[in-house]
Amino acid sequence: MTVPISLLIADPTLDSVAVARTLASVRRQAPATCDVVIARPRSADHDAAPLEHGSHVRVMLVDLGSTPTEDVTSVLLLSALRAARTTYVGVLAPGDELEPGVLVACRDLLRSRPVDVLFTDEQYGGEGGGIVTKPGWSPHYLESYPYLGRLCLVRRELLLEVGAFSPGHGGLEEWDAALRVTERTRSISHLPVIAVTRPAVPGVGTERAAVATVTEHLDRTGVTGWAEAGSPAPGVRVWRTIADEPLVTVVVPTAGTVREVRGQDRRLVTNALTSLRDRTTYDRWEVVVVTGPNTAPEVRDELTALLGDRVRFAPVDGPFNFSRAVNEGARHARGDLLLLLNDDTEVLEPRWLERMVSVLQDPAVGAVGAKLVLEDGLIQHVGVVMGERLVPAHAFAFEADVDDRAGAKTLDRDYIAVTGACLLTRTELFQRVGGLTESLPLNFNDVDYCLKVGGAGYDVVGTPFALLAHYESSTRTPVLTEEDQLFLERWWTLRLAADPHVAFRSDR
């Protein structure tokens, strides 16, 4: 039987005890599922202990003869890659342990679906350890964080073609390899099983190495822009250059409601648009306020005094229908970009709109969402995933707005949908896919829109750097009407059930 997989191990410190632990986990796999290629330097002062070979595990040792002076891991991994002879290769480190049966699962999946890249979930031991279940293929997340991790199996010839494990990445050579490979292919699958236990939370490299790794990726792909360090390390935030500063039309439906915010009674729409005017660095915007029969008459005067000729009004008759209100506002748009904004939001990060416009400079992206926090500081939204009982839900809702280990709350990620409380899209695309569905007057119209955007071939991205407050009550529970449920079941259940982004969780 042909062995399809080689496991590459760089052993720069000649740690035979850790390597033996890894090999023992390989021996627990079914026979003829993999080869192991171990690359290590020779040191006159530090000879390696002999390695025990299992009866059905073929181990190849690659001895460099001398210790490289820098980028040791990259040099060793490249040597192991060149020595391997199988179709697929994956990287392990000394001390990593495979879970029983995982290679059979990988082999069987690759036989039935011979993709170029197959990645799995993993877990870490030691302080700060835990299980990391990953989303499916998320290109904007990979651009922000090395989330593919281990075990990640890649076609060997493809790795060689793209120049994987090149020096100069300061411990982030696997991230660099993943970026290089996925620049060439979208034949990528996620096997949602824990495949590897790593002895400790891995090192993260330096901010400089992370920024350099992603900057090289931007250069190779012809992206005009730059990368800056994000949080947590080694996270990176990519800024695409904004060409010609397109005009953004901000559509705000409102009834002119007055409510207590931060201990004072405020007219919500005036509060929202004051923060837009006073705290937004991106200056190319206009506002279309959509009013209804119940909108307080003084709202027009207040907002005209606040924004002058940057605001226009679009009246809509009949019972409140968010979808119809937004569609009417969009018909008045002069901007190339369209921002849906709730009247109960407030800008917290001055570069929020600049950030969202920058993300939308990627032609693959069709809709961008922001991070919204409640008045008590808890997260209300970073993106939408499929929740329990096949009902869309906000990822990380009501959790503390703090860094998590893998950057899911702080770094850009692909989602199946983002909330319409703050959603940026292209005006032309909005019109092309039919805008918001007016038979969904309150709930799920944003999810439906994003699914239409995805169906048209575009990505939906949440960018948490764009931060706003959303003055919904933490105890608010949206009412799911019978019409909402029937609509979801009729049109989108299969798409939502297959949400590739729902499984993400990084437990400490």
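Please go through region 122-169 and pick out each residue that is small (Gly, Ala, Ser), free of Cβ contacts under 8 Å to residues at least 60 places away in the same chain and under 21 Å from residue 462 (Cβ atoms).
Across region 122-169, the qualifying residue is only 149.
Just to be sure I understand, how many residues within region 9-38 are among the acidic types (Asp, Glu) and closer than 11 Å to residue 93 by Cα?
2
Within region 229-266, how many residues are closer than 26 Å to residue 401 by Cβ, surrounded by 14 or more Cβ atoms within 10 Å (Cβ to Cβ) and of a type outside the set (Ser, Thr, Tyr)?
Counting residues in region 229-266 that are closer than 26 Å to residue 401 by Cβ, surrounded by 14 or more Cβ atoms within 10 Å (Cβ to Cβ) and of a type outside the set (Ser, Thr, Tyr) gives 16.
Of the residues that sit in region 310-322 and are assigned to a loop (DSSP other than H, G, I, E, B) and out of contact with any Pro (no Cβ under 7 Å at 6 or more places or on another chain), which one is nearest to residue 268 (Cα to Cα)?
That would be 320.
So which of 200, 164, 195 is at pLDDT 95 or above and assigned by TED's automatic domain parsing to the domain that holds residue 132?
Checking each option against the conditions leaves just 195.
Quick one: residue 307 ticks every box in (1) assigned to a loop (DSSP other than H, G, I, E, B); (2) closer than 19 Å to residue 333 by Cβ except a single one, so which number is it?
(1)
Given the condition among the polar types (S, T, N, Q) and not in a loop (DSSP other than H, G, I, E, B), answer yes or no: does some residue in region 376-387 qualify?
yes
Yes or no, residue by residue, for (1) out of contact with any His (no Cβ under 6 Å at 6 or more places or on another chain); (2) aromatic (Phe, Trp, Tyr); (3) assigned to a loop (DSSP other than H, G, I, E, B); (4) in the same structural domain as residue 463 (by TED's automatic domain parsing):
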{"position": "110", "(1), (2), (3), (4)": "yes, no, no, no"}
{"position": "118", "(1), (2), (3), (4)": "yes, no, no, no"}
{"position": "137", "(1), (2), (3), (4)": "yes, yes, yes, no"}
{"position": "141", "(1), (2), (3), (4)": "yes, yes, no, no"}
{"position": "147", "(1), (2), (3), (4)": "yes, yes, yes, no"}
{"position": "176", "(1), (2), (3), (4)": "no, no, no, no"}
{"position": "181", "(1), (2), (3), (4)": "yes, no, no, no"}
{"position": "189", "(1), (2), (3), (4)": "yes, no, no, no"}
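Pick from region 90-108 the residues that are among the charged types (D, E, K, R) and not in a strand (DSSP E or B): which of them is surrounded by the fewest Cβ atoms within 10 Å (Cβ to Cβ)?
Once the filter is applied, the top-ranked residue is 108.
Does residue 396 satisfy the criteria of being in the same structural domain as residue 452 (by TED's automatic domain parsing), at pLDDT 95 or above and of a type in the set (Phe, Trp, Tyr)?
No: the conditions fail for residue 396.
Going through 442, 424, 451 one at a time, which residue ends up being under 19 Å from the mean Cα position of the chain (by Cα) and not in a helix (DSSP H, G or I)?
The conditions single out 424.
Find the residue count for region 1-35, including only residues that are over 32 Å from the mean Cα position of the chain (by Cα) and of a type in the set (Asp, Glu).
2
Being out of contact with any Phe, Trp or Tyr (no Cβ under 8 Å at 6 or more places or on another chain) and of a type in the set (D, E, K, R) is the requirement here; does residue 413 meet it?
For residue 413, the condition - out of contact with any Phe, Trp or Tyr (no Cβ under 8 Å at 6 or more places or on another chain) and of a type in the set (D, E, K, R) - is not met.
Which residues, taken from region 220-267, are modelled with pLDDT of 95 or more, outside any strand (DSSP E or B) and of a type outside the set (Gly, Ala, Ser)?
Correct list: 220, 221, 223, 224, 241, 242, 245, 246, 247.
The values are calculated or read from the model by the stated rules, or taken from the named source; none is laboratory data. Quick caveat: nothing in here was measured; it's all calculated off a predicted structure. Every residue, glycine among them, receives a Cβ derived from its backbone with ideal geometry; neighbour counts consider all protein chains shown.
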